[in-house]
Amino acid sequence: MKVCGIELKANDAIISLMSLENGLYTLLDCRVKKLSINDASDGEQLKKFQFDFGKLMTDYQIEHAVIRERMTKGKFAGGAAGFKLEASIQLADGISVSLLSPSKAKEIIKNSQVVMNFEETGLKQFQEQAFLTAFAYLESQ
């Protein structure tokens, strides 16, 4: 199974692609590390973002996208732009999408038999949460 872990921050969708086949985890190379928009209030930019994301999922034959869930209220609540990006990903045609809360992901990783050391992955530091989201999702399946 190939999945795309996504962390939404401001106007960016940070991604990490991973697959699990026969018990072997593989990080997939990707031409982009994040997709961004300049103005979340511009409908055309949101449509382009949705198209670009869908094209990326099709090109890499990704079966499922999992988004790191953000709080809707409180001190650490996500911004409006992030929620617009989340909605455009969820509404994209042909893409299976789910949300995974950080606490659930942490619990899954804690109980995992597989030990993953992020420093050895070769990913950029800003991709860590997207990577952990993808890994936790695959571990829960």
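The values are calculated or read from the model by the stated rules, or taken from the named source; none is laboratory data. These numbers come from a predicted model, not from an experiment. Cβ sites come from the backbone with ideal geometry, for glycine too, and all protein chains shown count toward neighbours. Quick note on the areas: whole protein, heavy atoms, side chains included, nothing else; ligands and nucleic acids left out. Shrake-Rupley method; radii C 1.70, N 1.55, O 1.52, S 1.80 Å.
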statement: Scanning the range 54-76 residue by residue, the ones that are in contact with a Gly (Cβ under 8 Å, 6 or more places away or on another chain), open to solvent by 40 Å² or more (accessible area, probe 1.4 Å) and either in a strand (DSSP E or B) or within 17 Å of Leu138 (Cβ to Cβ) (or both) total 2
- prompt: Among the residues of the range 40-60, is there at least one that is among the β-branched types (Val, Ile, Thr) and within 14 Å of the chain's Cα centre (by Cα)?
  reply: no
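Looking at the structure I just gave you, is Leu20 in contact with a helix residue (DSSP H, G or I) (Cβ under 9 Å, 6 or more places away or on another chain) and in a strand (DSSP E or B)? Even if it seems obvious, please write down each step before you answer.
On the way: in contact with a helix residue (DSSP H, G or I) (Cβ under 9 Å, 6 or more places away or on another chain): yes; in a strand (DSSP E or B): yes.
Spelling it out, Leu20 is indeed in contact with a helix residue (DSSP H, G or I) (Cβ under 9 Å, 6 or more places away or on another chain) and in a strand (DSSP E or B).
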task: Could you please find all residues in the range 3-24 being open to solvent by 50 Å² or more (accessible area, probe 1.4 Å) and in contact (Cβ under 8 Å) with a residue 60 or more places away in the chain?
output: Lys9, Ala10
message: Quick test for you: out of Ser36, Ser103, Ser98, Ser88, pick the one residue that is modelled with pLDDT under 95, open to solvent by less than 90 Å² (accessible area, probe 1.4 Å), farther than 14 Å from Ala13 by Cβ and polar (S, T, N, Q).
response: Ser103
